[in-house]
Amino acid sequence: MRNNKLLITFLLIITMLLAACTESTNVDGNSSSSPDSSSGANSQSPLVIGFEADATTLLANHDVNYTTDTLIRNIYDPLIDRDSQTAEFVPVLAEEWKNIDEKTWYLKLKEGIKFHNGADFNANAVKFSIDYILDESNGSFYRSRWANVEEVVVLSDYEVEIHTSVPFPSLIQRIAEDLLIIEPGYVEEVGIEKASSKPVGTGAYTFVEWSRDNHLKLKAFEDYWQGKPEIEEVEFRIIPEFSARMSAFMSGEIYLFKNIPVDSVKQFESNEVKQISSSRINYLALSNLVDGPLKDVKVRQAINHAINANELLETVLSGYGSRITGPLSQLNADYAETKEYDYDPDLAVKLIEEAGYSPEELTLTLDTPSGRYPMDSHIAQAIASQLQSIGINVEVRVNEWGQHLEKIQKRETGDMYILGWGPAFDAQSTIENLFTLEAPYSSFYQENIEKKIKETNQSFDQEARYAGYAELQQQLVEQAAWVPLWQQADLYAVKSTLNFSPRVDEKMNVFEMSWN
């Protein structure tokens, strides 16, 4: 009997010790813990961010895509960035820059900066990163934006010149908005395929694990040149659906997500909602790059008159956004006022008939993502309903975000599609990338408009440049290249334990965040 009692006592002790070890792993090792807001956060908690779509690659300078860019900017640094609130240019890896002449730009780089693998950041890394974009065999979607760059010349370890084939006054915008710096030796050693899934940069966070369409895990880079980040670990958890992101936030699984469903704002505590006017614009593309009735300007104009965008903004988006009438928002430095298409269903029918159709003869397709933009698929259905009210048959096709982008890039969408564009602080980054034939996200092309775009882009005369973009905005509205919708209002859900300030350019730089 005594031996049995000793055995029972021994087993109880073992059980308690195992329970204590398990509890310790959950708290300190974070093996199975979740960010339950009721228990607060500390310096050892992983920051979990709910994100709407995954990156297509983790290699910098390849994919023109907000979701890819937002994730990898925590791993790589730019040469130049924009201020989070004013959007003014600020130095990062570049110390200074200047225009030598109309075809030459000079950049001086910061010294003493290391990549995650210990390699030195220098001028060769800058040259390698730009050359990657320019090399047609790499298939970078940034290439059309950098086509006028002729050569990158290394002057010294920390000085470069960029030579262009034509005057390129907006090169600094391209550097700030596009370029992230890759470690040349690492890519050459492991190859592009491995570097695309296990990246090395100079950024505030180093790569830990990527499970495609599930999560991206990063940890703080202790030797980061701007100081060790306050948040030790971060996980971007991919949650495509609005409702699922919201549920994860409410249950304490995530601390932060963007694009609160506008019909659900009242379900959050007031101190959990942060709003900022984004530089992103949302629009309905009317493609003349695919065969169909939208090649006719009168049909495109008719669709503009048949869609009541103001009603959509108020009813579907609950007023969260600012109406735009042309391709630029009023936040854009080159904005020019354009005339709005009045909502006039009768005129829409008349224009369709003048084009040689009856509304009932038209069957149009409308591609939309779901969960990428505020109420995007709901907007698509509402647009379809408005067009159907005048007799047009509309087939709405809902795409996963990556599929949606691929269809646009390959010109495989139908007649219309919903897309957003940003950050959009200058005219060139919008107009050149959405209205020229070779640009990957273009939906509209006319030879005379592309000629005017190229002429305007090359002008160093600021007044002539502004006038050129103003004329282009008028032409694009007259040609009904889009149905302009609105400038996006960004709504973020943020746990009170997290110190986070939204940026006008929508970046989520975890280095700028901290625990309260």
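The values are calculated or read from the model by the stated rules, or taken from the named source; none is laboratory data. Not measured: the values here are computed from a predicted model. In this analysis, Cβ positions are derived from the backbone assuming ideal geometry, glycine residues included, and neighbour counts consider all displayed protein chains. Quick note on the areas: whole protein, heavy atoms, side chains included, nothing else; ligands and nucleic acids left out. Shrake-Rupley method; radii C 1.70, N 1.55, O 1.52, S 1.80 Å.
The figures follow:
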{"item": "Residue in the stretch 88-99 that is free of Cβ contacts under 8 Å to residues at least 60 places away in the same chain, of a type in the set (V, I, T) and open to solvent by 10 Å² or more (accessible area, probe 1.4 Å) present", "result": "yes"}
{"item": "Residue within the stretch 299-320 that is in contact with a Gly (Cβ under 6 Å, 6 or more places away or on another chain) and either in a loop (DSSP other than H, G, I, E, B) or in contact (Cβ under 8 Å) with a residue 24 or more places away in the chain (or both) present", "result": "yes"}
{"item": "Given (1) touching a Leu at 6+ places or on another chain (Cβ under 9 Å); (2) of a type outside the set (D, E, K, R); (3) not in a loop (DSSP other than H, G, I, E, B), index of the condition T70 fails", "result": "(1)"}
{"item": "Every residue from the stretch 469-501 that is over 21 Å from P423 (Cα atoms) and out of contact with any strand residue (DSSP E or B) (no Cβ under 9 Å at 6 or more places or on another chain)", "result": "E471, Q474, Q475, E478, Q479, S496"}
{"item": "Test: R143 is of a type outside the set (S, T, Y), open to solvent by 40 Å² or more (accessible area, probe 1.4 Å) and at pLDDT below 95", "result": "yes"}
{"item": "Pick from the stretch 356-369, criterion in contact (Cβ under 8 Å) with a residue 40 or more places away in the chain and crowded, with 19+ Cβ neighbours inside 10 Å, ranking: farthest from the chain's Cα centre (by Cα)", "result": "L362"}
{"item": "Single unsatisfied condition, Y158 versus (1) closer than 30 Å to D101 by Cβ; (2) out of contact with any strand residue (DSSP E or B) (no Cβ under 6 Å at 6 or more places or on another chain); (3) hydroxyl-bearing (S, T, Y); (4) open to solvent by 10 Å² or more (accessible area, probe 1.4 Å)", "result": "(2)"}
{"item": "Residue among I379, I390, I383, I352 that is part of a loop (DSSP other than H, G, I, E, B) and modelled with pLDDT of 95 or more", "result": "I390"}
{"item": "The stretch 107-133, residues that are assigned to a helix (DSSP H, G or I) and in contact with a Lys or Arg (Cβ under 8 Å, 6 or more places away or on another chain)", "result": "I133"}
{"item": "So V483, is it closer than 28 Å to S322 by Cα, modelled with pLDDT of 95 or more and in a helix (DSSP H, G or I)", "result": "no"}
{"item": "So N332, is it buried (at least 16 other Cβ atoms within 10 Å of the Cβ), closer than 30 Å to P261 by Cα, polar (S, T, N, Q) and modelled with pLDDT of 95 or more", "result": "no"}
{"item": "Residue in the stretch 134-154 that is of a type in the set (D, E, K, R), out of contact with any strand residue (DSSP E or B) (no Cβ under 7 Å at 6 or more places or on another chain) and assigned to a loop (DSSP other than H, G, I, E, B) present", "result": "yes"}
{"item": "Test for L134: is it out of contact with any Cys (no Cβ under 9 Å at 6 or more places or on another chain) and either under 25 Å from G118 (Cα atoms) or open to solvent by less than 20 Å² (accessible area, probe 1.4 Å) (or both)", "result": "no"}
{"item": "Top-ranked residue in the stretch 184-227 [being of a type in the set (D, E) and in contact (Cβ under 8 Å) with a residue 24 or more places away in the chain; ranked as least open to solvent (accessible area, probe 1.4 Å)]", "result": "D213"}
